[in-house]
Amino acid sequence: MTTIVATLPKVELYCRVTDAMDRFQAGELAKAAGLPEGDDEAALAARLDFDSPEGFLAASRWQAALIRSPKDLEQLAWRTTRRLLADAVVHAELAVDLCALPFNAKKAVAALDDGIEDAVEESEDAFFSWSLVGELHRGCDATTAMAALEDWYKASGPRLCAISIVGDETIPLGDLRDVVARAREMGLALALQVGLSGRPRDLAEVIELRANRVLHGIGLTRNQEALLHLRAHRVPVMMAPALEVKAGRARSLAQHPILKLQEAGLFVTVASVSPGLLQIDLTGQLESLSQHLGWRLDTLRNFTLRSVEAAFMAPTSRFVVARAVENWQHRPKLTGGDEDTGFGM
C-alpha cells in the first residue's frame, strides 16, 4: 500500500518548520555555527535523539536555534516544501515559534514565501496551498509574545490562521491568556497541546479558551467533561503517532490510543508535526498506522477528508482541496533515483 498512500492527496495539519529540518541541513548549519555536531554525525544523532517529552522539547529547541538568518529559513522552507510536494501534500499548516527566530517577522515571512514559491515553481503542475500557525510556548514572556504576535499578524496577513500553545504543560498559562484574547480579536483560531508533556487530569483550559483544536490529546478519554465538550463542539483532536510513541506517551503504534479516541466519538486527525526530527513524513505515519492497526485505504482516505474539514483554511481553498481528495485515483508515481523526495523511511 506504500505507493498508493504516497500518491493520495494529503493535508498536513501541523508541520513545525524547524522540526522539518533534515539531518543533512542540521549538520551543515551546525558546522557553519562552529558546533561540534557539524563534524560528528554520531554527536548530531545523539543531540537530536530523545525518548521523553522533555527530550523532545530539548532536541526541538536545539534544532530551531540553528536557524540564524533569513537565508537559512528560506533554504529550509524550500527543502520542506519539496518534501511535502513529493509526499502529495496539497495543503500544509506550517507552525513557527513566534518568539524564536533571531530576525523580525517581515524577514521571516519573506523567507518562507521565497523558499516555498521556488519549490512550487520547480515542480510540474503542482497544487499547493499553505498557511501559518504561530506557536507560543508556556512560560514565555507574555509581553514579548504579544509584540511578536502583532508583528507576525502585520507581516503575514491572512497567512496567519491560528496560534498554538505548546511546551511544558505543567506551566500555567498566566498572562498568555491576554495574548490568546488578542489573537481572538484578530480572528485567529486556537490550538492547545494536551497530553504530550503531561497527564491531562484537568482540561479546564480547553473549555475555558474554547480551543478550536487539541494537539495530541493523550489521556483525553479519562475526562468525561472534556469528552462531552469536544464531541458537542466537534473539536478536532490532532494526533502525531510517531512523535507520541517516540516521546514515550504511547507504548507502541499497535497500542496507540487513537482508536480509543475514535471509539469515544471524537473527531480525530493525523499530522506529522516533526518530520525531519523524527525522520518520517505524513505518508510514513499513515502507512505505519495502516500496518499496525489494520487500516484499509478507505480509512486513510477518510482521515484525509477529516483533515480537510479540520484545517484552518479559507472556504475556497477547502473546496479545492476536498475535490482533489474526492476525485483522486491512484496512479503510480515515478521519481528519479537521486531526487531528494523524503527521509528514506
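The values are calculated or read from the model by the stated rules, or taken from the named source; none is laboratory data. The structure presented is a predicted model; accordingly, all values stated were derived computationally and were not measured. Cβ coordinates were reconstructed from backbone atoms using ideal geometry, including for glycine residues, and neighbour counts include every protein chain displayed.
For region 262-344, please list each of the helices (runs of 4 or more DSSP H) lying entirely inside it that holds at least 2 residues being within 16 Å of the chain's Cα centre (by Cα) and at pLDDT 90 or above. Don't jump to the end; show me each part of the working.
On the way: elements: 275-278, 282-293, 297-310, 315-326.
Hits in region 262-344: 275-278, 282-293, 297-310.
Rundown of residues vs (1) modelled with pLDDT under 95; (2) buried (at least 21 other Cβ atoms within 10 Å of the Cβ), yes/no style:
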| residue | (1), (2) |
| --- | --- |
| Gly55 | no, no |
| Arg61 | no, no |
| Ala77 | no, yes |
| Asp87 | yes, yes |
| Ala92 | no, yes |
| Phe103 | no, no |
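Looking at (1) touching a residue at least 24 places away in the same chain (Cβ under 8 Å); (2) surrounded by fewer than 16 Cβ atoms within 10 Å (Cβ to Cβ); (3) under 19 Å from Ile280 (Cα atoms), can you tell me which one Lys71 breaks?
Every condition holds for Lys71 apart from (3).
Name the single residue that is modelled with the highest pLDDT among those in region 126-150 being of a type in the set (A, V, I, L, M, F, W, C), surrounded by fewer than 20 Cβ atoms within 10 Å (Cβ to Cβ) and over 20 Å from Lys106 (Cα atoms).
Residue satisfying both the conditions and the ranking: Ala142.
Go through the residues of region 206-220 one by one and say whether even a single one is among the polar types (S, T, N, Q), farther than 18 Å from Thr170 by Cβ and within 20 Å of the chain's Cα centre (by Cα).
yes
Between a residue in region 300-319 that is without any contact (Cβ under 8 Å) to a residue 12 or more places away in the chain and any residue that is surrounded by fewer than 17 Cβ atoms within 10 Å (Cβ to Cβ) and not aliphatic (A, V, I, L, M), which pairs come within a Cβ distance under 8 Å, given they are 6 or more apart or on different chains?
Listed by first residue and then by second, the contacts come to Arg318/Glu309.
Quick one: is Lys71 of a type in the set (Lys, Arg) and either under 18 Å from the mean Cα position of the chain (by Cα) or on the phi > 0 side of the Ramachandran plot (or both)? Step through it out loud before you land on a result.
Details: of a type in the set (Lys, Arg): yes; either under 18 Å from the mean Cα position of the chain (by Cα) or on the phi > 0 side of the Ramachandran plot (or both): no.
So Lys71 does not fit the description; no.
Take the residues in region 263-321 that are farther than 25 Å from Asp22 by Cβ and of a type in the set (Asp, Glu), then tell me which one is surrounded by the fewest Cβ atoms within 10 Å (Cβ to Cβ).
Asp298
So which helices (runs of 4 or more DSSP H) are wholly in region 151-257 and hold at least 1 residues that are without any contact (Cβ under 8 Å) to a residue 60 or more places away in the chain, of a type in the set (D, E, K, R) and buried (at least 23 other Cβ atoms within 10 Å of the Cβ)?
Working: elements: 176-185, 204-208, 224-232, 241-246.
Because the criterion is at least 1 residues that are without any contact (Cβ under 8 Å) to a residue 60 or more places away in the chain, of a type in the set (D, E, K, R) and buried (at least 23 other Cβ atoms within 10 Å of the Cβ), the helices (runs of 4 or more DSSP H) in region 151-257 that meet it are 241-246.
Yes/no per residue for (1) touching a His at 6+ places or on another chain (Cβ under 7 Å); (2) of a type in the set (A, V, I, L, M, F, W, C); (3) closer than 21 Å to Leu57 by Cα; (4) free of Cβ contacts under 8 Å to residues at least 12 places away in the same chain:
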| site | (1), (2), (3), (4) |
| --- | --- |
| Ala88 | no, yes, no, no |
| Ala95 | no, yes, yes, no |
| Leu101 | no, yes, yes, no |
| Asp114 | no, no, no, no |
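Does Ser123 count as surrounded by 18 or more Cβ atoms within 10 Å (Cβ to Cβ), among the small types (Gly, Ala, Ser) and touching a residue at least 40 places away in the same chain (Cβ under 8 Å)?
No: the conditions fail for Ser123.
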